[in-house]
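Engineer: A single structure is presented below for examination.
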Amino acid sequence: MTTEHQLTAENLSLGYKDRTVIEGLELAVAPGRVTAIVGANACGKSTLLRSMSRLLSPRAGQVLLDGKEVHKLPAKELARTLGLLPQSPLAPEGITVSDLVGRGRHPHQGVFSRWSVADDTAVAAALEATHTVELADRAVDELSGGQRQRVWIAMALAQETDLLLLDEPTTFLDVQHQVEVLDLLTDLNRSRGTTVVMVLHDLNLAARYCDHLVAIAGGKVHAAGRPCEVLTEDTVRAVFGLDSKVIIDPTSGGPLMLPIGRHHMVA
Amino acid sequence: MSTPADLRQASPATVAAVTRGRTRRNRRRRIVIGILVVLIGAMVAVSLMVGRTFYPPGDVLKVILGQDVQGATFTVGRLRLPRTCLAVLAGASFGLGGVTFQTMLRNPLASPDIIGISTGASAAAAVAIITLGLSGSAVSVFAITAGLGVALMVYLLAYQDGVSGIRLILIGIGIAAMMNSIVSYVLSTAGQWDLQEALRWLTGSLNGVRWEETVTVLITMIVLVPVLFLGSRDLTVLQLGDDTASALGVRVDRTRLLVVVCAVGLIAFATSATGPIAFLAFLAGPIAARLAGPGHSLLLPSALVGALLVLLADFAGQYAFGTRFPVGVVTGVLGAPYLIYLIVRANRAGGSL
Amino acid sequence: MSTVESVTPSGAAVVRRPRRVRLLWFLVCLGLIAVLIVASIAVGTRFVPVPTILDALGGADDTLDQAVIRVRIPRTVLALLAGAALAVSGAVFQGVTRNPLADPGILGINMGASLAVVVGLAYFGLSNPNSYIWAAIAGAAISAVFVYAIGSLGRGGPTPLKLALAGAATSAALVSFVTAVILPRNDIAENVQSWQIGGVGGATFERIWQVLPFLGAGLAVCLLSARSLNSLALGDDVAAGLGERVAIARGLASLGAVMLCGATTAICGPIGFVGLVVPHGCRLLVGPDHRWLLPFSALTGAGLLLAADVIGRIVARPGEIDVGIITAFVGAPFFIYIVRRQKVRAL
């Protein structure tokens, strides 16, 4: 199986211009597990993810990968260990699926190196894992939203990293495609031991699919742990300011949150 | 580096299919490049042989090899040869500069002639030549400084929590209007100005080319083109968006700075030699993309398309009409409808260009 | 409060400014223009003292100074007229397209007029300025329709970005054609080149009389459209709901604006950015009600173009800089400022 990489944030502070979003945050990503980060809009979930993958320099504190600061690692070396799928990546006009997936090989290629058999194999494996082989020669702009998201995940897979960070991989997808994408990520984690960290919007889907749930509020980790420990009525109130009822999910045995709202008070 | 063992496990059939697809697309690209090279060679030969007087290939070859041929030594050696060489070099420079900007900003409209960089270089060169009476490399220094200055200015003005290509293009259009008014003013102060000379700074022309200009552009290309090509793989990854590129191990800011400096340098030197050949930087990239297909670096195909366009347009401008038109007028008249077509197509498709 | 006005049909869109404030600004503008008129007559290669100007206006005409004045008076009048016409046409285009970046220069309408005039000069032997003006107006109208059609293709209708790009592209295309037309024609080339920069230097009363009917008609149509423009500002659907015949209102207002900028271009050449800057400035002073905005734009535009002309004569003494160059230099930064202020999504 894979080497277990330790990704941690220590006393991390992040912000844009004069606005501080994250302050003094501590987080250790569980190696070989699926972690979901949840929180209210603009609480800094995506900011945190961007910083963990070197896209945003911290104001204070540091992000460590196996004890080394990610912002000081050589860019390509980091990109061979840690992959990120941003929220809205851009596909160049007319590019084919297999060319796009091939772009994921970038960190493995030098300036002068030629395309290798290993590159083709990685692309093929990524296509197979995401069930996109039959789309390989199609243009990305012709695909449906769900197909396109699988192709982007394939690109991240072709990067062959042990850690994969995803920023809201299910946004703008219909519910069946959301489940499809999350199933795919679970497969990845189970069969390859890839550490998956994703920002998710939907609390219930997050609780269903992750091993480790992190709730962010007030620029800090409010609660972290197994979904059944974190997804409680108290946490929902503290993080989202919402009254809710948490019951046992009849299909998975995990927690399931039902929002209450003003018009449906429990008698 | 350890990689998950089973990630290597793809069925041989899939691997073969992936390889086949890639080879097929590469073959198309190679064929296109091959055809472009052949066409450029043919056009160079035609431009050297054909004109008011026709010289057979033998004579042209002798002149190139340095032998003396009655009449041809002057006409071919002094007039046609530098002109043809500059056509190829300037065309390639404009093509490279244009496609670099278009790729980097992910928008075909973001070419240096639309966002004011060529206009800025042109304004500086016009000021240097007409107002300050400079010539030679001093003009080039002016042009490249202004080109970089305008590029920086447009970038900074467009910067608000990151750069949006749309905002950058609109701001570039505004800056281009200012630069154009400088050119107009300088030309109007020149008093009894020669229309040809004026057109050189307004639309671009190859008339009266001398060897010094050609050599300056050649040296620029020898220095900058290899650097640009070193960055070409990073540039193609940059098309996926800054975040994705960064996650794939590209140093986004460094790559951008490097290629912008190269592209502006190429554009500015070519502009100081020929004036801003209208729409050339804009046209080469999209045409190359159509021919070579998407998915790979467009640098080489665009350079070739640019060179071929200048050769064709210059030849047509000289001999196809009753009067001699400078090359920029021909590319302008051809390029303008294409620009409009591109906008129509983009608007129809609903959204990003 | 005594400043409450009767509620107009489009009252919701109109930020009401106290009438007194508007009147105050109106007087300030008039005062500034009076000062500028004096400056415009006094300043130039040769400086003319004010008493001499007053004498000349009284009919005296025997010194060299007074001869200078006789040249400068039509120039001043033309600058005032052109400025007013361009500003009003810009304000109307901004209203009709609901687009803050609209301007006869940016939308390529001025260049359309230029090409028509150049083609007329080169191929149809136009020499009578009256036929020139018709050609310019036709050219302006065709390019306005063309740019609007391209800009409104696809989703979201005519967004500022699409219109501005369509305009810039059309402009660039037309410049190429203008160059191609005049290049082989040395006989008209010099004429056209100096005209193309945009200036009021060669003004005579004779030429002014020829455009005056067109400017008058255009202005009248625009001012009469003010109320419809207020309804259109709320969106086509709401305007229709308020009983406005949207297509007719829009077509009529555009026609007026096209006449204004076409006729101006015919005698001054393309002058950019006046139509962009002035309405934005005036909106800050008197609010978005077109019944106030249009007259104010006319006044301010007249003042601005006159100021630009005076500046052009001062800065480059003993030579002069054409107004077209000055307005581009003042206007382009303003254009950039507006672009920066817009949210990307709104573009």
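The values are calculated or read from the model by the stated rules, or taken from the named source; none is laboratory data. Everything quoted here is computed from the prediction, not taken from an experiment. Every residue, glycine among them, receives a Cβ derived from its backbone with ideal geometry; neighbour counts consider all protein chains shown. Side chains included, ligands, DNA and RNA excluded: accessible areas come from the protein's heavy atoms. Shrake-Rupley method; radii C 1.70, N 1.55, O 1.52, S 1.80 Å.
Engineer: Pairs to check: A:45/A:76; A:17/A:245; A:76/C:162; A:17/C:162. Give those whose C-alpha atoms are more than 27 Å from each other in this structure.
Structural biologist: Table pairs above 27 Å Cα-Cα are A:17/A:245; A:76/C:162; A:17/C:162.
Engineer: Under a 1.4 Å probe, what is the accessible area of the protein assembly as shown per residue, stated in Å²?
Structural biologist: On a per-residue basis, the protein assembly as shown sits at 41 Å².
Engineer: Now for a separate question. Based on DSSP, what percent of beta bridges with both residues in segment A:7-259 are antiparallel, to the nearest 5?
Structural biologist: Of all bridge pairs located within segment A:7-259, approximately 60 percent are antiparallel.
Engineer: Further, regarding this structure: With a 1.4 Å probe and every protein chain left in place, tell me how much accessible area residue A:121 has, in Å² to the nearest 10.
Structural biologist: About 20 Å², rounded to the nearest 10.
Engineer: Further question: Could you calculate the contour length gain from residue B:39 to residue B:251, that is, 0.36 nm times the residue separation minus the distance between their Cα atoms, to one decimal place in nm?
Structural biologist: Roughly 72.6 nm would be gained on extension.
Engineer: Just by accessible area at a 1.4 angstrom probe, what is the order of A:247, C:182 from largest to smallest?
Structural biologist: Heavy-atom accessible area, descending, gives A:247, C:182.
Engineer: So how long is each side of chain A along the principal axes, counting just the alpha-carbon atoms, biggest first, in Å?
Structural biologist: 67, 40, 37
Engineer: Could you calculate the contour length gain from residue B:156 to residue B:31, that is, 0.36 nm times the residue separation minus the distance between their Cα atoms, to one decimal place in nm?
Structural biologist: So the chain would gain 40.9 nm between residue B:156 and residue B:31.
Engineer: So, one more: How big is segment A:1-151 along each principal axis, measuring the range of its Cα positions in Å and listing the largest first?
Structural biologist: Reported extents, whole Å, longest axis first: 47, 32, 30.
Engineer: A further question on this structure: If one computes P(r) from the Cα atoms of segment A:192-267, what percent of pairs lie at distances over 19 Å?
Structural biologist: When every Cα pair of segment A:192-267 is considered, 36 percent fall beyond 19 Å.
Engineer: Bin width 10 Å, origin at 0, all Cα-Cα pairs of segment C:207-347: what percent of pairs per bin?
Structural biologist: Reading upward from the zero bin: 11, 32, 37, 16, 4, 1.
Engineer: Estimate for me the total accessible surface buried between chains B and A (protein heavy atoms, probe 1.4 Å, no ligands or nucleic acids), in Å² to the nearest 100.
Structural biologist: For chain B against chain A, roughly 4100 Å² becomes buried.
Engineer: Quote the FRET efficiency, to the nearest 0.05, computed for residue B:345 versus residue B:321 with a Förster distance R0 of 25 Å and r equal to the Cβ-Cβ distance.
Structural biologist: 0.25
Engineer: For segment C:241-287, take the convex hull of the Cα atoms, compute a quarter of its surface area, and give me that in nm², please.
Structural biologist: Convex hull of Cα atoms, orientation-averaged projection: 4.6 nm².
Engineer: Oh, and also: Which value, in Å² and to the nearest 10, is the accessible area of residue A:43 when all protein chains are kept and the probe is 1.4 Å?
Structural biologist: 20 Å²
Engineer: Another question about this same structure. Round to the nearest 0.05 the FRET efficiency obtained for residue C:145 and residue B:230 when R0 = 41 Å and r is the Cβ-Cβ distance.
Structural biologist: Once the sixth-power term is evaluated, E becomes 0.25.
Engineer: Compute the distance in nm between two label points, each set 7 Å from the Cα along the Cα-to-Cβ direction, one at residue C:185 and one at residue B:20.
Structural biologist: Modelled inter-label distance: 6.1 nm.
Engineer: In what order, largest first, do C:292, A:115, A:152, C:134 sit by accessible area if the probe radius is 1.4 Å?
Structural biologist: C:134, A:115, C:292, A:152
Engineer: Which number do you get for Rg(Cα) / (2.2 N^0.38 Å) in the protein assembly as shown?
Structural biologist: Relative to the rule-of-thumb radius for its length, the protein assembly as shown sits at 1.08.
Engineer: Let me ask something else about it. Could you order A:10, C:206, A:23 so the one with the most accessible surface comes first? Probe is 1.4 Å.
Structural biologist: Most to least solvent-accessible, the answer reads C:206, A:23, A:10.
Engineer: Just the C-alpha atoms of chain B: what Rg/Rh do they give, with Rh taken as the Kirkwood radius?
Structural biologist: Here Rg/Rh amounts to 1.01.
Engineer: Next question. Whenever you get a sec, compute what percent of the accessible area on the protein assembly as shown sits on carbon and sulfur atoms (1.4 Å probe).
Structural biologist: Whole-percent figure for carbon plus sulfur exposure: 62.
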